[in-house]
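The values are calculated or read from the model by the stated rules, or taken from the named source; none is laboratory data. All of these numbers come straight from a predicted model, not from anything done at the bench. Cβ placement follows ideal geometry from the backbone for every residue including glycine, while neighbour counts extend to all protein chains displayed. Just the protein is used for accessible areas: all its heavy atoms, side chains included, with ligands, DNA and RNA removed. Shrake-Rupley method; radii C 1.70, N 1.55, O 1.52, S 1.80 Å.
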Amino acid sequence: MKHKNLIDLEYMTRDQLEHTIMLAGAIKERPEIYKHACDGKIMATLFFEPSTRTQMSFQTAMMRLGGNTIGFDNPMNSSVAKGENLKDTISMVSSYADIIAMRHPAEGSAKAASLYSSVPVINCGDGGHYHPTQTLTDVITLNYEKGRLNNLRIGLCGDLLNGRTVHSLIKTMCRYEGNSFVLISTKELSVPQYIKNIMEKAGCEYTEVDNLVDAIAELDVLYMTRIQRERFESEEEYQKQKGVFVLDTEKLALAKEDMIILHPLPRVDEIAIEVDDDPRACYFKQAEYGMYGRMALIALLLRSEDAFSFKSADPTVDKEHKCTNEKCIVNDPQQHYLPKNTYEKDGHICCDYCDHIIE
């Protein structure tokens with residue numbers, strides 16, 4: 001099935017991904033050349049969850065390309081507050097805009113939205129599932145700051161269970177040869193099994209540790225993440241995990257001189273403020289790369305030709321299997337109309353929305 005919806009970077013071929021990376025670099029060097037690339041176009045930013053960088057960088061990206069934006073950053077300020085379902089919201093908005101950038105708390109919501117949109121949908125984060133444009137930001141930063149996307153020892157630290165940025169980054173970097181991973185987390189917040197399966201299938205070495213000090217010396221890249229309070233069932237559970245991993249100058253002294261530190265932001269207390277002054281700290285530079293990456297992506301998706309379409313598996317309408325992921329969009333009673341789509345992968349039946357293995 002061909003489409004122009006960016007649900008996950010997995011849908012991009014390596015050629016498409018590298019073309020986007022190169023275009024982002026070109027825009028960064030000569031932004032004036034692209035200031036009319038999207039004249040007359042409108043982007044709708046639909047943010048059902050709070051956001052600063054992602055929402056503002058999309059809006060800025062569209063305006064720097066000559067386009068305009070509409071949308072909301074709080075569903076309570078929209079008809080969602082009146083009980084409107086996702087299908088109706090998307091059907092209506094896609095008649096106003098040329099492209100939609102959406103963040104939603106339910107896993108699989110971006111795929112669900114794409115079923116009812118007449119314009120391209122960009123996934124800006126669907127619960128703890130995927131965040132492809134943050135991953136695009138990450139790989140652009142790696143490409144220009146490390147000079148390569150292969151043969152990297154990448155440490156990922158913090159909430160690896162709920163961190164959609166972590167999941168998306170691992171999946172993407174597994175496509176490049178020679179990459180290996182050090183997964184630094186508590187047992188309770190370790191990376192999900194389906195991500196481990198991806199690393200194993202790709203032949204990427206990975207180790208799991210619970211101590212940043214023991215791991216930092218061997219890393220080319222350290223990807224720090226915050227402990228996500230909003231993903232915990234209770235404040236007590238959050239407090240048990242909060243502050244376990246903190247990068248400070250003492251730990252950083254053990255790292256390689258050319259290691260770089262990335263973070264999807266916002267940070268809470270996992271990176272000490274004094275680390276900002278270290279030349280290895282690239283997280284604010286990373287946010288700037290993200291704007292150029294989104295500019296490139298928008299420009300490519302809005303081109304009239306089909307050269308930048310993505311291929312994904314054709315799903316099956318499956319009334320026999322029910323997704324058991326409580327966080328999946330199909331288990332939201334308000335979205336009862338959604339077809340129960342599944343697909344087969346590696347001998348398993350998976351939910352087409354959240355990719356959860358059903359059996």
Compute the distance from the alpha-carbon center of the range 332-352 to that of the range 15-90, in whole Å. 28 Å
Carbon/sulfur accessible area of the chain, % of total, 1.4 Å probe, equals 49 percent
To make sure I understand the rule: partners must be lysines, Cα under 29 Å from the Cα of Lys251, and not fewer than 8 residues away in the same chain. Which ones qualify? Lys146, Lys171, Lys187, Lys196, Lys240, Lys242, Lys285
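Before rounding to the nearest 500, sum -39500 (n - 2.57) across all DSSP H runs of length at least 4 in the chain and divide by the residue total; then give [θ] at 222 nm in deg cm²/dmol. Write down the numbers at each step before the final one.
Details: 11 runs with 110 residues, N = 359.
Using -39500 (n - 2.57) per qualifying helix, the result is -9000 deg cm²/dmol.
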Among (1) 0.99; (2) 1.06; (3) 0.95, which one is Rg/Rh (Cα atoms, Kirkwood Rh) computed from these coordinates? (3)
Below 12 angstrom from the Cβ of Asn331, what's the summed charge of the other residues (Lys, Arg +1; Asp, Glu -1)? 0
Helical segments meeting 18 Å axial Cα length and Kyte-Doolittle -1.0 threshold in the chain (DSSP H): 14-29, 132-145, 283-301
Based on the inverse mean of 1/r over its pairs of different Cα atoms, what is the Kirkwood hydrodynamic radius of the range 21-67, in Å? 11.6 Å
Solvent-accessible heavy-atom area per residue, rounded to whole Å², over the chain at 1.4 Å: 43 Å²
Give the peptides 153-161, 32-40 in descending order of average Cβ contacts within 10 Å, highest first. 153-161, 32-40
Can you give the FRET efficiency to the nearest 0.05 for Glu177 and Glu250, using r as the Cβ-Cβ distance and R₀ = 45 Å? 0.85
